[in-house]
1. Identify the single condition in (1) surrounded by fewer than 17 Cβ atoms within 10 Å (Cβ to Cβ); (2) within 19 Å of the chain's Cα centre (by Cα) that Ala37 does not satisfy, given that it satisfies every other one.
2. Which condition number does Leu216 fail, the rest of (1) within 20 Å of Val17 (Cβ to Cβ); (2) open to solvent by less than 10 Å² (accessible area, probe 1.4 Å); (3) among the aliphatic types (A, V, I, L, M) being met?
3. Within the stretch 79-95, which residues are more than 19 Å from Leu171 (Cα to Cα) and either modelled with pLDDT of 95 or more or open to solvent by less than 20 Å² (accessible area, probe 1.4 Å) (or both)?
4. Which one of Glu187, Glu207, Glu99, Glu179 is under 19 Å from Ala74 (Cβ atoms), among the acidic types (Asp, Glu) and surrounded by fewer than 24 Cβ atoms within 10 Å (Cβ to Cβ)?
5. Can you name every residue in the stretch 39-96 that is among the aromatic types (Phe, Trp, Tyr) and within 18 Å of Thr140 (Cα to Cα)?
6. Within the stretch 166-181, track down each residue that is farther than 22 Å from Gly120 by Cα and either in contact with a Leu (Cβ under 8 Å, 6 or more places away or on another chain) or touching a residue at least 60 places away in the same chain (Cβ under 8 Å) (or both).
7. All but one of (1) touching a Phe, Trp or Tyr at 6+ places or on another chain (Cβ under 8 Å); (2) at pLDDT 95 or above; (3) crowded, with 17+ Cβ neighbours inside 10 Å hold for Thr256; state the number of the condition that does not hold.
8. Quick one: which of Arg11, Arg48, Arg71, Arg6 is over 25 Å from His145 (Cα atoms), assigned to a helix (DSSP H, G or I) and free of Cβ contacts under 8 Å to residues at least 12 places away in the same chain?
Amino acid sequence: MTAPQRAVLERRPITGVTVIDAHAHAGPYSLFFIPGADPAGMIRVMDRCGVSAAVLSSHLAIQLDAAAGNRATARAVDAFPGRLYGYLVVNPWHDPEAELATWAGDRRFVGLKLHPDLHGYPLTGSRYAPVLAHAERTGTPVLCHTWYGSPYDDMTHVEQVAQRHPDLVLLAGHAGGPEPGIDLAVEVAARCPNVVLETCGSFVTGEHIERMVGSLPPGQVVYGSDFPFIDMRLSLGRTVFARIGATERAAVLGGTAAGLFGISDEQSTRAVRGGEGVG
């Protein structure tokens, strides 16, 4: 039994491996109530689980108001430096180049977040072109919502963009959505080494994670939870107990994300120690 598995079974925070949640949110959502969605509440759950850091976009940013939501994300990162990192959300209908310029060089944001489904615009459309070119030029990872059969962000859209921008790191949120989207996501990632599958979703199981890891080279699968939209303990448990090797598990849980986002063990360890008293 591995140290992370033993910690889970004994209801202790995970130890022996760095855990970075590559797909998180924060704040209220307009369509239904989400408990504990404030950054302080999220940190309390992360501490109980042994999660070192999370990369997040505010619910406000992905849905109603990208500009105001990005400001909320920046405030969350300010409140918990070294624990929370930001995705800058770009809405293709709200002058995306201006939003990029507003936050250019701001180290609170370590990636871009696109949600073509919520914004009603295809990932392959021209309004996203300058955003993707910027990300490729600057080496900024992009997390994109994906969903099987969507007219906006099916894995076929991801493959087109990955091929157009071979130096772009494109994280496929939800790993393509429910079956057969996951199968398609694995096939696309096998053809496109710049596509990274992110594992969150209530439909994802340990067997899916085993299939992703077993089918792809190292560095193309990362742990994400959609927390607090979905309780992170579900996705964390299936990753910890997936039948994969210890080296592969460490990469999925945090090693790969640390490299993509430039998050060091020293940063996260220091921040966790400083945050132990968060109540």
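1. Only one criterion in (1) surrounded by fewer than 17 Cβ atoms within 10 Å (Cβ to Cβ); (2) within 19 Å of the chain's Cα centre (by Cα) is unmet by Ala37, namely (1).
2. (2)
3. Ala79, Phe80, Pro81, Gly82, Arg83, Trp93
4. Glu99
5. The answer is Tyr85, Tyr87.
6. Residues satisfying the conditions are Leu168, Val169.
7. Every listed condition holds for Thr256 apart from (1).
8. That would be Arg6, the only listed residue that is over 25 Å from His145 (Cα atoms), assigned to a helix (DSSP H, G or I) and free of Cβ contacts under 8 Å to residues at least 12 places away in the same chain.
The values are calculated or read from the model by the stated rules, or taken from the named source; none is laboratory data. Everything numeric here is computed off the predicted structure, so don't read it as measured data. All Cβ positions, even for glycine, are placed from backbone atoms using ideal geometry, and neighbour counts span all protein chains on display. Ligands, DNA and RNA are stripped out before the accessible areas are found, and what is left, the full protein with its side chains, is counted by its heavy atoms. Shrake-Rupley method; radii C 1.70, N 1.55, O 1.52, S 1.80 Å.
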